[in-house]
1. If I go through the range 63-77 residue by residue, how many of them are near ligand 2 (Cβ under 9 Å from one of its atoms), at positive phi and either modelled with pLDDT of 95 or more or crowded, with 18+ Cβ neighbours inside 10 Å (or both)?
2. Tell me, please, whether a residue that is over 22 Å from ASN126 (Cβ atoms), hydroxyl-bearing (Ser, Thr, Tyr) and within 16 Å of ligand 1 (Cβ to nearest atom) can be found in the range 189-211.
3. So, in the range 143-153, how many residues would count as being open to solvent by less than 60 Å² (accessible area, probe 1.4 Å), closer than 15 Å to ALA179 by Cα and free of Cβ contacts under 8 Å to residues at least 40 places away in the same chain?
4. Out of curiosity, is SER95 among the hydroxyl-bearing types (Ser, Thr, Tyr), out of contact with any strand residue (DSSP E or B) (no Cβ under 9 Å at 6 or more places or on another chain) and open to solvent by 30 Å² or more (accessible area, probe 1.4 Å)?
5. Quick one: which of ALA253, ALA177 is more than 19 Å from GLY55 (Cβ to Cβ), in contact with a Leu (Cβ under 8 Å, 6 or more places away or on another chain) and outside any strand (DSSP E or B)?
6. Suppose we keep only residues that are closer than 18 Å to LEU78 by Cα and more than 15 Å from ligand 2 (Cβ to nearest atom) within the range 37-47. Which one would you say is farthest from the chain's Cα centre (by Cα)?
7. Just to be sure, is LEU266 touching a Ser or Thr at 6+ places or on another chain (Cβ under 8 Å) and either open to solvent by 40 Å² or more (accessible area, probe 1.4 Å) or among the aliphatic types (A, V, I, L, M) (or both)?
8. Can you report the number of residues in the range 54-95 which are in a loop (DSSP other than H, G, I, E, B) and over 18 Å from LEU188 (Cβ atoms)?
Amino acid sequence: MMSDPLPPAFPAPGAEQCAQLETEAAKPVVAVCHVTVSFDGPPVLEDISFTVAPGETRILLGPAGVGKSVLLKAINRLVRAERGKVLLFGEDITSMPEEGLFPLRARTGMVFQEGALFDSLTVRDNVGYQLLQDAGIPEEEIDRRVREALSFVGLAETFSMFPSSLSGGMRRRVAIARALIAQPELLLYDSPTGGLDPVTSTTIIELIVKERDVHATPSLLVTHRLQDAFTLCTHRFDLDQGAMVPLPKGQVAPKTTFLMLEEGRLIFDGSIHELLRSKNAFVREFLE
Ligand SMILES: Nc1ncnc2c1ncn2[C@@H]1O[C@H](COP(=O)(O)OP(=O)(O)OP(=O)(O)O)[C@@H](O)[C@H]1O
Ligand SMILES: [Mg+2]
């Protein structure tokens, strides 16, 4: 699948940090260290290293099929790394038993590509799904928290509806509410605007900016829409107005940075300014 010869691996800052991770005071929320993933054929991801620090939003760019979803899934081990290691909340999950993974996954909110709602369940049961698995939480408490998550995404009125009666954009918001329900310490958004029109996409990005600026939840967000990525960088959420507003001209969100994959290799890790100045031919082509 890869062009031959392979592009040189990007000397990701994550790579040299790997050795120090165990001793650092401010540990990254996610540390991916020299990770390679393959299924039956050649590697889908090769020697990937990067980190997500507390409060950081990392935007993972790349065209279709380069391994963005696989990389996201490797972070909570829905996909297993063949080489290298993944630290989630400072714990090495690379070969951890499944039981050990449950509490770590419960601290992670994931918005799957296409939303992945259960069509046979109401919005309430979709959003409350994770809480419903825990027999100790009273129904009224689940109702309260579902309502809270639904109002955060502006969909309080959909509580008793079924996903099939919602628009594509509404379904995506419900999927985000589901990911937020347990107040996660990490959010993984897989192409949250994929397949949506530009106006609806902007409402989803506004929600992600709101979550970033209200709760400062560290996030890794996949997109192949540059417009979404730039909107995330150049806007903040204004609580008084209850809306996303542009940052003053020339300013960018300080902790929102970029990663780019090209056919399973990480070819970029840095700020929006570094991205725009990159001389890498693949980055340039992607930007243009
Ligand atoms: N479970 C799997 N088994 C075998 N191959 C897989 C599996 N999951 C993904 N792949 C392969 O890994 C490669 C990367 O897939 P991935 O879904 O990560 O791409 P992507 O960058 O998310 O693309 P898109 O932008 O279209 O969502 C593809 O060639 C895909 O066929
Ligand atoms: Mg994908």
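The values are calculated or read from the model by the stated rules, or taken from the named source; none is laboratory data. Just so it is clear, the model here is predicted, and its values are computed rather than measured. Because the Cβ atoms are built from the backbone with ideal geometry, glycine has one as well, and the counts that use them run over all protein chains shown. Ligands, DNA and RNA are stripped out before the accessible areas are found, and what is left, the full protein with its side chains, is counted by its heavy atoms. Shrake-Rupley method; radii C 1.70, N 1.55, O 1.52, S 1.80 Å.
1. 1
2. No, the range 189-211 has no match at all.
3. Summing the residues that are open to solvent by less than 60 Å² (accessible area, probe 1.4 Å), closer than 15 Å to ALA179 by Cα and free of Cβ contacts under 8 Å to residues at least 40 places away in the same chain in the range 143-153 gives 4.
4. On the way: among the hydroxyl-bearing types (Ser, Thr, Tyr): yes; out of contact with any strand residue (DSSP E or B) (no Cβ under 9 Å at 6 or more places or on another chain): no; open to solvent by 30 Å² or more (accessible area, probe 1.4 Å): yes.
No; evaluated as a whole, the condition is false for this residue.
5. ALA177
6. Checked the range 37-47; the qualifying residue farthest from the chain's Cα centre (by Cα) is ASP40.
7. yes
8. So in the range 54-95, the residues in a loop (DSSP other than H, G, I, E, B) come out as 54-56, 62-67, 76-82, 89-90, 93-95.
Next, only the ones that are over 18 Å from LEU188 (Cβ atoms) stay: 63-65, 82, 95.
The total comes to 5.
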